[in-house]
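The values are calculated or read from the model by the stated rules, or taken from the named source; none is laboratory data. Only a predicted model underlies this, so the values are computations on that prediction, with no experimental measurement involved. Virtual Cβ from ideal backbone geometry, glycine too; neighbours counted across all protein chains shown.
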Amino acid sequence: MIPHCLPPVAQAAPLRFLPAVFCGHQPADTLDPITALGLSTLFAGYEVYGCASATAALALALQAAARVTARVREVEVPEVVLPAYACPDLLAATLFAGCRPVLADMRRGGIAVDPADAAAAATANTIAVIDVRLLGLPGAGPALGRALRDARGSVREGPAIIEDCAHVWPDEAAASTADAVALSFGRGKPISLRWGGALLVRRGGKLDGWVPAIGRAAPSLARRLGHWTECVAYDMALTPWVFGTLTQIAGRRVDTIRLVPLRAIEGFPAHLLGALPRARALAARNNRTQSAVAAMLRETPGPWRTLVPTSWPDAGARLLRYPLLVDDEARRDRLHDALWGAGLGSSRMYRAPLDQLPDTAGRVPARRCPEATELARRLLTLPVHGGVRPFHIEAMRSAMRHFAAGAHS
């Protein structure tokens, strides 16, 4: 019940990837990840920079934002406004780019950054604000740009807006209004090769022409073979009973989140370009599972509510996981234990705001963000990936009804 990482080329037959491992084959007609995915028309208004990860893509965008800002005004220490509830990889990208992270609170009762608080956190030293589409749900969107314009005046001289779409299917990121968009093809993402990302920079926008040059990566044979082996081992380890055993041996909860520093900005691995079309085909699915989970939740009242807006998803829109906000932390943890213990793949995501996660304390200036704290205490997510079958959804329904009956007794 844990989403599988798609090994390069094929989930069912990873041995097909061995020719690319040994010869580094790259189709002649694929120039970048977006072209390889067949999405060039959707992203015709963007310059595409293939990167080794979404973290590297964010760091590259921040370097461009710093260069643009230095052209128009002097900055003592460049600052980047981050959502207080987010993946620590945002912090890793910010620190690598030599910037000071500043936290902004989340919208009340929601899952996106609060535009007004992000604008209040911005100063004359702010070079960028990162808007995150967590779990594939909408971020702050155009409201963030309006709030920054109202607070700082000219949009052209204000901070760049960078949208983190690591949780978003690439073909759904094209509607972004941000100056730049970061995509991920890493572990557990919508199109998952366990390696790779992309930075999309809007042509004619604030960052156009300011992105530092990077080359396409040409990993050694040992690194390519290591990556292929890692993908195979990862999929084997995610078999529920194997993963449960390894977790018990390690003595570490599956939702332990830590800061992993970014060491370098590398280009997209050339030998994986040929794997992207196949990976996209394998990842493509309709919304039957997502709709079935949503219907189950509507029919299963309890001490929780969905964080999916009633006006969303639009036709074809997909979630990475289905988010619930449980009434309090104690109930959230008990419900998670019940679902996880039944092998139903629930997740509490990030267990604290960015400044309170392991390895991040002291790296982020303290700023009160009560909504982010509440979200960290109460968020629970359910799987909606292709491996979720009707009997799994029925098992979720049964476990949640049993929990709700006990919670109200």
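Please specify each residue of the stretch 112-128 satisfying the condition of being within 16 Å of the chain's Cα centre (by Cα) and either within 18 Å of Thr69 (Cα to Cα) or surrounded by 23 or more Cβ atoms within 10 Å (Cβ to Cβ) (or both). Of everything in the stretch 112-128, just one residue is within 16 Å of the chain's Cα centre (by Cα) and either within 18 Å of Thr69 (Cα to Cα) or surrounded by 23 or more Cβ atoms within 10 Å (Cβ to Cβ) (or both), namely Val113.
For the stretch 236-269, what are the residues that are of a type in the set (Gly, Ala, Ser) and at pLDDT 75 or above? Explain how you work it out, then say what you get.
We begin by selecting, within the stretch 236-269, every residue of a type in the set (Gly, Ala, Ser); these are 237, 244, 250-251, 264, 267.
Scanning the stretch 236-269 gives Ala264, Gly267.
Does at least one position in the stretch 66-79 carry a residue that is in the same structural domain as Leu200 (by TED's automatic domain parsing), under 27 Å from Ala175 (Cβ atoms), surrounded by 24 or more Cβ atoms within 10 Å (Cβ to Cβ) and not hydroxyl-bearing (Ser, Thr, Tyr)? Scanning the stretch 66-79 turns up no residue that is in the same structural domain as Leu200 (by TED's automatic domain parsing), under 27 Å from Ala175 (Cβ atoms), surrounded by 24 or more Cβ atoms within 10 Å (Cβ to Cβ) and not hydroxyl-bearing (Ser, Thr, Tyr).
To keep it simple, each residue is scored yes or no on (1) free of Cβ contacts under 8 Å to residues at least 12 places away in the same chain; (2) of a type in the set (Gly, Ala, Ser).
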{"position": "Ser311", "(1), (2)": "yes, yes"}
{"position": "Tyr322", "(1), (2)": "no, no"}
{"position": "Ala338", "(1), (2)": "no, yes"}
{"position": "Leu344", "(1), (2)": "no, no"}
{"position": "Val364", "(1), (2)": "no, no"}
{"position": "Pro383", "(1), (2)": "no, no"}
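Of the residues making up the stretch 178-223, just one is in contact with a Gly (Cβ under 6 Å, 6 or more places away or on another chain), farther than 24 Å from Arg280 by Cβ and at pLDDT below 85, namely Gly215.
One residue stands out among those in the stretch 316-342 that are surrounded by fewer than 15 Cβ atoms within 10 Å (Cβ to Cβ) and either among the aliphatic types (A, V, I, L, M) or at pLDDT below 90 (or both): the one that is nearest to Arg298 (Cα to Cα), which is Gly316. From the list Ala128, Ala59, Ala124, which one is small (Gly, Ala, Ser) and part of a strand (DSSP E or B)? When all the criteria are applied, what remains is Ala128.
Selection within the stretch 351-381: residues that are farther than 16 Å from Thr94 by Cβ and among the hydroxyl-bearing types (Ser, Thr, Tyr). The member of this set that is farthest from the chain's Cα centre (by Cα) is Thr373.
Kindly indicate whether Leu91 is at pLDDT 95 or above and more than 28 Å from Trp304 (Cβ to Cβ). So Leu91 passes the test. The set of residues from the stretch 31-84 being hydroxyl-bearing (Ser, Thr, Tyr) and touching a residue at least 60 places away in the same chain (Cβ under 8 Å) comprises Tyr46, Tyr49, Ser53, Thr55, Thr69.
For the stretch 297-312, give me each residue that is charged (D, E, K, R) and either assigned by TED's automatic domain parsing to the domain that holds Gly110 or in contact with a Leu (Cβ under 7 Å, 6 or more places away or on another chain) (or both).
Of the stretch 297-312, the ones charged (D, E, K, R) are 298-299, 305.
Arg305, the sole residue that qualifies.
Close contacts from the stretch 125-141, counting a first residue that is touching a residue at least 40 places away in the same chain (Cβ under 8 Å) and a second that is assigned to a loop (DSSP other than H, G, I, E, B) and among the aromatic types (Phe, Trp, Tyr), with Cβ to Cβ under 9 Å and a gap of 6+ residues or different chains, come to Val132/Tyr85; Leu134/Tyr85; Gly136/Trp169; Leu137/Trp312; Pro138/Trp312. Taking the stretch 75-104 as the range and being under 18 Å from the mean Cα position of the chain (by Cα) and in a loop (DSSP other than H, G, I, E, B) as the test, the residues that pass are Ala84, Tyr85, Ala86, Cys87.
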